[in-house]
Amino acid sequence: DEIANKSIVVHEVSASGIEGALEYQQAANSSDDVTQAFLQAGAGNRISNDIDPSSASGVNILNFSVEKTNVGANTDDKELKLNDTNTVVVDDADNNTYFVAVKTEDARYYGGDAVRSQDDTDEITANFTVTNQGTFGSDIDSVEDDYSVVERDASIDTTNGLVTAQAAADQQITGTTSIAPGAEIEVEVESESESNPFLERPETTVNTDGTFAATVDFSDQSAGTNFTAEFLDTDGNALGDEEDGQLTDAATASVSISDQESDGSEVVVDSAQLSAGGFIAVHAGNASGDVVGSSEYLEAGSHEDITITL
């Protein structure tokens, strides 16, 4: 539904019966270039039934268009000018599927305007139409779908205005972005302490829901250290706001359990001391064995006589 500005948007078109049109254009151009054939066929070229450019007798016209629709009252929609510098077509003819990838950064509307030239959201309608003209008249089949080209942006999660992490390994800095899922990004984490300097740029990928989580090792750092965190896109450019953060003490936990016999339904832990909320788990055999029981969620602090159902 939403595509970040300057990203590549991939349109998946399912259509049968157009392979002949593409083969005709490839023969006319003496080229196997599917992109060129797709774009030229969409320009209304005549298509021969026998794929012979010199004897075109029938007409098959296909057209793929991308138009900006939020252009104001009494104004025609703006069509994006697609060419082989901003568009790549990948065909899967065996499955009647065609992928039309458009690099929005290199595309311009007819008239010269860039995508999101006014820094507003561009409401887009993509349309694919096939027209068959034969002995018994014309048949037009058309499909379309809508999406928006939005600001390229990102935000880092905070709690009470701060990015919080422990002075420990495997700490995650999370957030959301409009950049496409699967994109490889970085989060720049830089110390603000002269006595404890560090600069980390952990890499991660954007999840399908637009979230991300970068893992940082702070085990060599000290609690109380202030730092900043900033999102870097696929080109290393900063997006969104730089957020302040602070390292806290690493989480600790201890438990005490007496030797006991059980009928297999439950065990009792005498006491537990937790610096942060969590669970007590019982494993079979040793700490790497299967979990056979766990407590309810326990708040940070001291707990006694914790019954764990197996």
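The values are calculated or read from the model by the stated rules, or taken from the named source; none is laboratory data. All figures in this text were calculated on a predicted structure; none of them were measured in a lab. Just the protein is used for accessible areas: all its heavy atoms, side chains included, with ligands, DNA and RNA removed. Shrake-Rupley method; radii C 1.70, N 1.55, O 1.52, S 1.80 Å.
A few points about this structure:
- Here the range 241-310 has an Rg and Dmax of 15.4, 57 Å, counting Cα atoms alone.
- Of the accessible area of the chain, computed with a 1.4 Å probe over protein heavy atoms only, carbon and sulfur atoms account for 40 percent.
- Amide H partners (placed H, <5 Å) of D153, local residues excluded: S178, I179
- Surface exposure of the chain, expressed per residue as accessible area with a 1.4 Å probe, stands at 57 Å².
- Calculated mean residue ellipticity at 222 nm for the chain: -2000 deg cm²/dmol, from DSSP H runs with n ≥ 4 weighted as -39500 (n - 2.57), summed, divided by the residue count and rounded to 500.
- Gaussian network model of the chain, springs between alpha carbon atoms under 10 Å - residue of I173, I156, I18 with greatest fluctuation: I18
- Amide H contacts under 5 Å for T248, placed H, 5+ residues apart: A165, Q166, A167, G224
- Most mobile listed residue (Y297, Y147, Y109) in the chain, GNM with C-alpha springs under 10 Å: Y297
- Equivalent ellipsoid dimensions for the chain as semi-axes, Å, which come from the Cα gyration tensor, largest first: 59, 26, 16
- Based on the Kirkwood approach, the hydrodynamic radius assigned to the range 157-250 is 13.3 Å, with every pair of different Cα atoms included.
- Over the Cα atoms of the range 185-297, the radius of gyration divided by the Kirkwood radius equals 1.14; this is the Rg/Rh ratio.
- Top of S222, S195, S148 by mean-square fluctuation, Gaussian network on the chain, Cα under 10 Å: S195
- Convex hull volume per residue in cubic angstrom - Cα atoms of the range 67-149: 141 Å³
- On Cα atoms only, tilt of 19-29 relative to the major axis of the chain in degrees: 70 degrees
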